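Asks: Attaching a single structure in structure tokens format; questions to follow.
Computed from the coordinates by the stated procedures, all read-outs in this text should not be read as laboratory data. Please read these numbers as outputs of a predicted model, since none were measured by experiment. In this analysis, Cβ positions are derived from the backbone assuming ideal geometry, glycine residues included, and neighbour counts consider all displayed protein chains.
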Amino acid sequence: MKNNLWSVESFSEKPIHVVLLVSRKKDNQDLPDFKERRQSFITHKTIQELVYSEFKHFVQEGRFGETSRLYYSVNARDPEKIHKQLLHFLIDEPEFNLCSIQPKLAGIAAQKECALEKKWMFDFDNSDSDLANQFAQDILEIVPDADVKIHKTPHGFAIITDKHFDTRELLEKWQKDVDITLKRDDLLCVDWWKKDTI
């Protein structure tokens with residue numbers, strides 16, 4: 001009988017995403033002697049699977065009252081490009097500490113050239129959901145066939161679209177009242193927990 005103890009999972013059809021779990025000083029200024037924690041990796045898991053596995057564990061490892069965030073790449077990543085970039089890196093850096101492979105792999109996958117999709121994210125720094133919906137409607141007036149999704153974030157909303165367009169007029173209209181940043185390939189803050197709530 002074959003021993004599968006060291007077997008490696010073959011290629012998966014599921015999309016790959018970059019994940020960042022982080023506990024930042026900015027979110028934990030009230031905790032004395034606070035030290036930031038972070039963990040980054042790539043995964044086939046969905047956001048829901050991560051929330052109840054890796055992220056819950058990350059939160060529980062923190063101090064009481066500590067706030068942690070879960071970030072997930074807006075765009076899926078290209079496994080072939082990641083593989084090639086990793087091979088080049090390992091050849092060029094023979095003394096690289098292999099125990100640090102996960103964050104390095106996440107860093108490679110997060111590079112813009114490794115994106116498999118081309119979704120844009122507008123960081124909408126206002127917590128008024130009516131305004132966020134109006135902004136999404138304005139995108140649809142410019143690009144009627146766009147798939148536009150709105151996500152709640154700690155300081156407002158992220159509005160994601162799968163179509164590209166000239167944003168100058170839209171941003172000129174909105175940036176008088178709302179701080180909006182266009183991010184062409186970035187991580188979305190999908191969840192945030194304080195340790196005393198779980």
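Asks: What dipole magnitude, in Debye to the nearest 20, does region 70-124 give about its Cα centre under +1 on Lys/Arg Cβ and -1 on Asp/Glu Cβ?
Replies: 200 debye
Asks: Quick one: among Asp162, Asp185, Asp128, which has the greatest mean-square fluctuation in a GNM of the chain with alpha-carbon springs under 10 angstrom?
Replies: Comparing Asp162, Asp185, Asp128 in a Gaussian network model of the chain, the most mobile one is Asp128.
Asks: Determine the shape class of the chain: with a ≥ b ≥ c the square roots of the Cα gyration tensor eigenvalues, call it rounded for a/c under 1.5, and otherwise prolate if a/b is greater than b/c, oblate otherwise. Intermediate results must be reported in sequence, preceding the final value.
Replies: Values: a/c = 2.06, a/b = 1.32, b/c = 1.55.
Because a/c hits 1.5 or more and a/b fails to exceed b/c, the chain counts as oblate.
Asks: Continuing with this model, one more query. If we sort 87-96, 145-154 on the protection proxy, mean other Cβ atoms within 10 Å, highest first, what's the order?
Replies: Averaged packing, sorted descending, gives the order 145-154, 87-96.
Asks: Assigning unit charges at the beta carbon (Lys, Arg +1; Asp, Glu -1) and nothing else, what dipole magnitude in debye, to the nearest 20, does the chain show about its Cα centre?
Replies: Values: 29 positive and 35 negative charges, 134 e Å.
So the magnitude is around 640 debye.
Asks: Taking H placed 1.01 Å from N in the peptide plane, check which residues at least 5 places from Leu188 or on another chain put their amide H under 5 Å from its amide H.
Replies: Tyr72, Ser73, Val74
Asks: Which net charge results when you count Lys and Arg as +1 and Asp and Glu as -1 among the other residues whose beta-carbon is under 12 Å from that of Asp177?
Replies: Local net charge: -2.
Asks: If you take every residue apart from Gln134 with its C-beta less than 13 Å away from the C-beta of Gln134, what net charge results, scoring Lys and Arg +1 and Asp and Glu -1?
Replies: Charge balance near Gln134 sits at -4.
Asks: Kirkwood hydrodynamic radius for region 19-97: how many Å is it when counted over pairs of different Cα atoms?
Replies: Values: mean 1/r = 0.0676 Å⁻¹.
Kirkwood radius, region 19-97: 14.8 Å.
Asks: Next question, about the same structure. What residue among Met121, Gly62, Ile108 has its Cα farthest toward the positive end of the dipole of the chain, where the charges are +1 on Lys, Arg and -1 on Asp, Glu, each on the Cβ?
Replies: Gly62
Asks: Could you give the distance between the Cα centres of region 165-197 and region 58-122, to the whole Å?
Replies: If you average the Cα positions of each part, the centres end up 21 Å apart.
Asks: Now for a different question. Of the options Gln48, Pro94, Thr167, report the single residue whose Cα projects farthest towards the positive end of the charge dipole of the chain (beta-carbon charges: Lys, Arg +1; Asp, Glu -1).
Replies: Projecting each Cα onto the dipole axis, the largest value belongs to Pro94.
Asks: In the neighborhood of Asp145, defined by Cβ-to-Cβ distances under 13 Å, what is the net charge if each Lys or Arg adds +1 and each Asp or Glu adds -1?
Replies: Net charge in that neighbourhood comes out at -2.
Asks: If each residue's Cβ is checked for other Cβ atoms within 10 Å, how do Ser68, Ser40, Ser100 rank with the fewest at the top?
Replies: Least crowded to most crowded, the residues run Ser100, Ser40, Ser68.
Asks: About the Cα centre, and with charges only on the beta carbon of Lys, Arg (+1) and Asp, Glu (-1), how big is the dipole of region 120-185? Nearest 20 debye, please.
Replies: That gives region 120-185 a dipole magnitude of about 160 debye.
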